[in-house]
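Novice: Quick one: the structure is below, questions incoming.
Read-outs: derived from the displayed coordinates by stated rules, not from any lab. These numbers were taken from a predicted model, which means no experiment stands behind them. Quick reminder, even Gly has a Cβ in these numbers, built from the backbone with ideal geometry, and neighbours come from all protein chains shown.
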Amino acid sequence: MKNIKTRRTIRKYTQQPIPDELLNQLLEDASRTQTMGNLQLYSVIVTRSEEMKARLAPLHFNQPMVTQAPVVLTVCADFRRTTDWCTSRDAMPGYDNLLSYQNAATDALLYTQTFCNLAEDAGLGICFLGTTVYMTQGITEVLRLPKLVVPVATLTVGWPAEEPALTDRLTLESFVHNETYQPYTEERINAFYAPKEALPENKAFVEANHKATLAQVFTDCRYTKADNEAMSASLMQTLVAQGFLSPADTILPVIQESRPEVLECDVVRFQNNREKWVAFVGLHEGKPYEIFTGLMDDDEGILLPKSVSKGCIVKHISDNGQKRYDFQFVNKRGYKTTVEGLSEKFNPEYWNYAKLISGVLRYRMPIDHVISLVSSLELDSDHINSWTTGVVRALKRYLPDAQPEEEA
Ligand SMILES: Cc1cc2nc3c(=O)[nH]c(=O)nc-3n(C[C@H](O)[C@H](O)[C@H](O)COP(=O)(O)O)c2cc1C
């Protein structure tokens, strides 16, 4: 590069078009970059039309560069072409796996960076859009990417209409390790990050986001755990849909299909139409596995000391195959007490809904999805609707970030 020391991201472009010859020259020259086995496991989709830019824009969270830049490039990890070449040459391809995706993504990113260097040398301005890997499914559809092709990088390219200030960088010693990895002590972290934290623009950033530290701006606002997890799941789905992973490769939770005889259980009390109700949430490896709910009632329902918040649910199968679930707890004086036949104590209507919910829990649908499923049930009577509210409340405590809740 002519001058790497002054390179910066450009997000505003003039109206001047990029001639085809120049763009093609850059795209061709960038292919001199190194790739695995010299297979060039990438493809580039060139977007110039307003219509296609408008379709891509929302998939990049409407960052204005997408519609403003004369050219948008989507660089894809591509094992399709190589696979087709192999099958047409009596060769058996084996590239529908995670390693092949990683190799193709590496080739695609190396190509992308080489293109950036060449384009910036030619006086063009570039912005790399990481949003590509957040919204792979939508981009795949819009660009009609076939199997074994996944978008990994987007560049907006145009003639610069701005000259933004240079951004800071961490010092050499903060990221170079001689011979072996040097742990980051608190002292070293302080030394490496203090200059960044002291920059007026970063101080303003902290203030504008009402945060105490710059790191919190990243964790709480820009790149949050919840977003990362949701987008990881979506990326995983794309890798399955595009044939780089099979559903069996995805890390699915271990499902316990046959119910263990004894399950630990939480007792959650809630109001249902001014009546006192109780939910017994059977747990497997700390995750909700089944739910029983019923009226707390002296005559017909369940009578439990107030202090009982935990116990276990024991499943019995009688000789004639009839199932029964008992709740067992240890009372304050240390005596084991059993409430027999949980299911018999419940109104069959609730019991049936609870059975369905238990089925969903057992197959480990993420708890937030179970909650929205239960909340969206449209049922006839007020009674059952307020029951679903109680069930939702009982389940909310198992959300990954749930705060402990006061019981009703
Ligand atoms: C993986 C990656 C994702 C990025 N995503 C975006 C983006 O979505 N929007 C944007 O404006 N800039 C994006 N950038 C550009 C960075 O914000 C920029 O490189 C960084 O702030 C340093 O600034 P500089 O390139 O001007 O030195 C991305 C860069 C990389 C490497």
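Novice: Which FRET efficiency value, to the nearest 0.05, is calculated for GLU51 and GLN237 with the Förster distance at 45 angstrom and r the Cβ-Cβ distance? Spell out each step's value before the answer.
Specialist: Working: r = 27 Å, r/R0 = 0.60.
Once rounded, the FRET efficiency stands at 0.95.
Novice: Compare LEU145, LEU129, LEU342 in a GNM of the chain, Cα atoms joined below 10 Å, and give the one with the largest fluctuation.
Specialist: Looking only at LEU145, LEU129, LEU342, the biggest GNM fluctuation is shown by LEU342.
Novice: A follow-up question, please. Looking at region 118-200, which chymotrypsin sites (Phe, Trp or Tyr not before Pro) are in a loop (DSSP not H, G, I, E or B) and have at most 15 other Cβ atoms within 10 Å? Display every interim value, and only then the final one.
Specialist: Numbers: sites: PHE128, TYR134, PHE175, TYR181, TYR184, PHE192, TYR193; in loops: TYR134, TYR181, TYR184.
Sites meeting the loop and neighbour criteria: TYR181, TYR184.
Novice: With the cut-off at 1.5 for a/c, could you classify region 52-167 from its C-alpha gyration tensor as rounded, prolate or oblate?
Specialist: prolate
Novice: Identify the trypsin sites (Lys or Arg not before Pro) of region 291-378 meeting these criteria: DSSP loop state and at most 13 other C-beta atoms within 10 Å of the C-beta.
Specialist: Answer by residue number: LYS306, LYS332, ARG333.
Novice: What residue among THR112, THR180, THR293 shows peak mean-square fluctuation when the chain is described by a Gaussian network model with Cα springs under 10 Å?
Specialist: Comparing THR112, THR180, THR293 in the GNM, the peak value goes to THR180.
Novice: If you line up the long axis of helix 382-396 against the longest principal axis of the chain, both from Cα atoms, how many degrees apart are they, to the nearest 10?
Specialist: It is inclined by approximately 60 degrees.
Novice: State, to one decimal in nm, how far the label point of GLU201 lies from the label point of ALA230, with both points 7 Å from Cα in the Cβ direction.
Specialist: 2.8 nm
Novice: For MET365 paired with GLU162, estimate the spin-label separation in nm (one decimal), with each label point 7 Å from Cα along the Cα-to-Cβ line.
Specialist: For MET365 paired with GLU162, the spin-label model returns 4.4 nm.
Novice: Quick check on the chain: helices-only [θ] at 222 nm, where DSSP H runs of length 4 and up contribute -39,500 (n - 2.57) each and the sum goes over total residues. Nearest 500, please. Provide the component values of the computation, followed by the final result.
Specialist: On the way: 13 runs with 143 residues, N = 408.
Mean residue ellipticity at 222 nm (helix-derived): -10500 deg cm²/dmol.
Novice: Further question: Return a whole-number percent for the relative contact order of region 4-158, with Cα pairs under 8 Å and 6 or more residues apart as the contact set.
Specialist: 35 percent
Novice: Let a ≥ b ≥ c be the square roots of the eigenvalues of the Cα gyration tensor of region 205-312; is it rounded (a/c under 1.5), or, if not, prolate (a/b larger than b/c) or oblate?
Specialist: Oblate shape, in that a/c is at least 1.5 and b/c is the bigger or equal ratio.
Novice: How large, in Å, is region 12-109 by the Kirkwood hydrodynamic radius built from its alpha-carbon pairs?
Specialist: On the way: mean 1/r = 0.0648 Å⁻¹.
That comes to 15.4 Å for region 12-109.
Novice: Report the full-extension gain for the segment SER88 to LYS276: residue separation times 0.36 nm, less the Cα-Cα distance, to one decimal in nm. Present the calculation step by step, with values, prior to reporting the outcome.
Specialist: Values: separation 188, 0.36 × 188 = 67.68 nm, distance 6.98 nm.
That pair, SER88 and LYS276, stretches by 60.7 nm at full extension.
Novice: Round to the nearest 10 and give me the degree value, 0 to 90, for the angle of helix 186-198's Cα axis relative to the longest principal axis of the chain.
Specialist: Orientation of helix 186-198: about 60 degrees from the principal axis.
Novice: Which lysines, if any, have their Cα less than 17 Å from the Cα of LYS225, not counting same-chain residues under 8 positions apart?
Specialist: Within the straight-line cut-off, LYS225 pairs with LYS211.
Novice: Give me the percent relative contact order of region 226-282, please, defined on Cα pairs under 8 angstrom at least 6 residues apart.
Specialist: 20 percent
Novice: Report the residue, chosen from VAL176, VAL71, VAL152, that carries the largest GNM mean-square fluctuation when the chain is represented by alpha-carbon nodes joined by springs under 10 Å.
Specialist: Among VAL176, VAL71, VAL152, the largest mean-square fluctuation in the Gaussian network model of the chain belongs to VAL176.
Novice: Could I ask something else about it? Once the Cα atoms of helix 20-30 and of the chain are each reduced to a long axis, what angle between those two axes, in degrees from 0 to 90 to the nearest 10, is obtained?
Specialist: Here the helix axis deviates by roughly 70 degrees.
Novice: Right, something else. What FRET efficiency comes out for the pair SER318/ILE384, r = Cβ-Cβ distance, R0 = 41 Å, nearest 0.05?
Specialist: After rounding to 0.05, the efficiency reads 0.85.
Novice: Could I ask something else about it? Given the Cα-Cα distance of ARG32 and PHE192 and 0.36 nm per residue of separation, how much length would full extension add, in nm? Display every interim value, and only then the final one.
Specialist: Details: separation 160, 0.36 × 160 = 57.60 nm, distance 3.59 nm.
Result: 54.0 nm gained on full extension.
Novice: Rounded, prolate or oblate: which fits the chain when a ≥ b ≥ c are the square roots of the eigenvalues of the alpha-carbon gyration tensor, with rounded for a/c under 1.5 and prolate only if a/b beats b/c?
Specialist: Judged from the Cα gyration tensor, the chain comes out prolate (a/c at least 1.5, a/b above b/c).
Novice: For an R0 of 41 angstrom, estimate the FRET efficiency from the Cβ-Cβ distance between THR14 and THR219 and round to the nearest 0.05.
Specialist: Computed FRET efficiency for THR14 and THR219: 0.65.
Novice: Restricting attention to region 328-408, which GluC sites (Glu not before Pro) occupy a DSSP loop and are surrounded by at most 11 other Cβ atoms within 10 Å?
Specialist: Passing sites in region 328-408 are GLU378, GLU405, GLU406.
Novice: Setting aside same-chain residues fewer than 8 positions from LYS5, which lysines have a Cα under 20 Å from its Cα?
Specialist: Filter leaves LYS196.
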